[in-house]
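The structure appears right after this line, and notes come after that.
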């Protein structure tokens, strides 16, 4: 499996979530957990979500995916059975750009992220108290 460029992923997720006001946590292989109700420790909260909803279990909802194609050949978002867990597959990543191949690649990356649980970036969008 190709190495994923962390800085490219961070840049992409910042663009995707600009203006959303949501905090998010990015994992090593491109899976992002968007935190609708952020807790004190964003990384720990995201790890808990991904531990439960990241690993693939074939023939269950955990094996399902949906592929959303982004404009301008930027890539795809691959969703699964949790609405706040999404994997970005850059447009230049898959050898075969069919929705099935992209979905399988995104799902396999979500599975790796859900098993390895390596956080590479935390974006905290919570309002800060004035000083």
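Structure notes:
- Scanning the range 53-80 for residues that are surrounded by fewer than 17 Cβ atoms within 10 Å (Cβ to Cβ), more than 14 Å from the chain's Cα centre (by Cα) and either on the phi < 0 side of the Ramachandran plot or assigned to a loop (DSSP other than H, G, I, E, B) (or both) gives 57, 58, 59, 60, 61, 63, 64, 69, 70, 71, 74.
- Being surrounded by fewer than 20 Cβ atoms within 10 Å (Cβ to Cβ) and modelled with pLDDT of 90 or more is a description that applies to residue 83.
- Test set (1) in a loop (DSSP other than H, G, I, E, B); (2) modelled with pLDDT of 90 or more - residue 13 fails condition number: (1)
- Boolean, residue 102 is touching a strand residue (DSSP E or B) at 6+ places or on another chain (Cβ under 6 Å), surrounded by 14 or more Cβ atoms within 10 Å (Cβ to Cβ) and assigned to a strand (DSSP E or B): no
- Residues in the range 26-52 that are in contact (Cβ under 8 Å) with a residue 24 or more places away in the chain, touching a helix residue (DSSP H, G or I) at 6+ places or on another chain (Cβ under 7 Å) and either surrounded by fewer than 17 Cβ atoms within 10 Å (Cβ to Cβ) or in a helix (DSSP H, G or I) (or both): 50, 51.
- Tally, over the range 81-99, of residues that are farther than 19 Å from residue 28 by Cβ, touching a strand residue (DSSP E or B) at 6+ places or on another chain (Cβ under 6 Å) and in a loop (DSSP other than H, G, I, E, B): 1
The values are calculated or read from the model by the stated rules, or taken from the named source; none is laboratory data. Just so you know, these numbers come straight off a predicted model, no measurement behind them. Methodologically, a virtual Cβ is constructed for each residue, glycine included, from the backbone with ideal geometry; neighbour enumeration extends over all protein chains shown.
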